[in-house]
Amino acid sequence: MQFGFSAPSGGPMGRAAPLTRICQEAEAMGFAYATVSDHVVIPRDIQAKYPYTDSGEFPATSRGERHDQLTEIAFLAAKTKTLRFVTSVMVVPHRPAVLTAKMLATIDVLSEGRLTIGIGAGWLEEEFVALQTAPFAARGKVTDEY
């Protein structure tokens, strides 16, 4: 059995020094992987129902500044030796397919194969609007195509 943890993507623990220390110490303790979440932007006004809480409310602790998922993973891969990194989850329609594939391949090669991709179609309609992506209603089809 392997154990992992969710790496901070923002806030005080998401700064370079604490984030590096968390991942390096977790690696030293034998953790197998770190997950890194994906929100390019988090709109202030969210009407969409969050699918992972009983209330449907997006957690207040998940709001505020956040790192780009792939940049954070690349940074952490350079600071660690064995820790795997898992996109949890990458919202596929938020990024151009070919550019994203190139970025993922680069991270995987430079981390010596320590990247695992978890993908999804997304749940936050307001984020799709803010990013000016394909329409929210088309997210499943776009994800399948990409």
Using 0.36 nm per residue of separation minus the Cα-Cα distance, give me the extension gain between Met103 and Gln2 in nm, one decimal.
-> 33.7 nm
When only DSSP loop residues count, what chymotrypsin sites (Phe, Trp or Tyr not before Pro) in segment 1-110 have their Cβ near at most 13 other Cβ atoms within 10 Å?
-> Phe3, Tyr52
Out of Ser111, Ser55, Ser88, any idea which swings most in a Gaussian network model of the chain, alpha carbons joined below 10 Å?
-> Ser55
Degrees between helix 16-28 axis and first principal axis of the chain (Cα, 0 to 90, nearest 10) | 60 degrees
For the chain: lysine pairs with Cα atoms under 27 Å, gap of 8 or more or different chains, count?
-> 4
So how strong a dipole does the chain carry about its Cα centre when Lys and Arg Cβ are +1 and Asp and Glu Cβ are -1, to the nearest 20 debye?
-> 320 debye
Counting only protein heavy atoms and using a 1.4 Å probe, what share of the accessible area of the chain belongs to carbon plus sulfur, as a whole percent?
-> 57 percent
What's the angle, to the nearest 10 degrees (0 to 90), between helix 97-110's Cα axis and the longest principal axis of the chain?
-> 10 degrees
Grab the Cα-Cα distance for Thr20 and Thr71, subtract it from 0.36 nm times how many residues apart they are, and report the gain in nm with one decimal.
-> 17.0 nm
Is segment 1-85 best put as rounded, prolate or oblate by its Cα gyration tensor, with a ≥ b ≥ c the root eigenvalues, rounded for a/c under 1.5, and otherwise prolate when a/b is larger than b/c, oblate when not?
-> prolate
Solvent-accessible heavy-atom area per residue, rounded to whole Å², over segment 36-146 at 1.4 Å = 59 Å²
Compute the signed sum of charges (Lys and Arg +1, Asp and Glu -1) over the other residues within less than 11 Å, Cβ to Cβ, of His67.
-> -2
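The values are calculated or read from the model by the stated rules, or taken from the named source; none is laboratory data. What you see is a predicted model; the values in this text were computed from it and never measured. Please note: Cβ atoms are built from the backbone with ideal geometry, for glycine as well, and neighbour counts cover all protein chains shown. These accessible areas exclude ligands, DNA and RNA; they are computed on the full protein's heavy atoms, side chains included. Shrake-Rupley method; radii C 1.70, N 1.55, O 1.52, S 1.80 Å.
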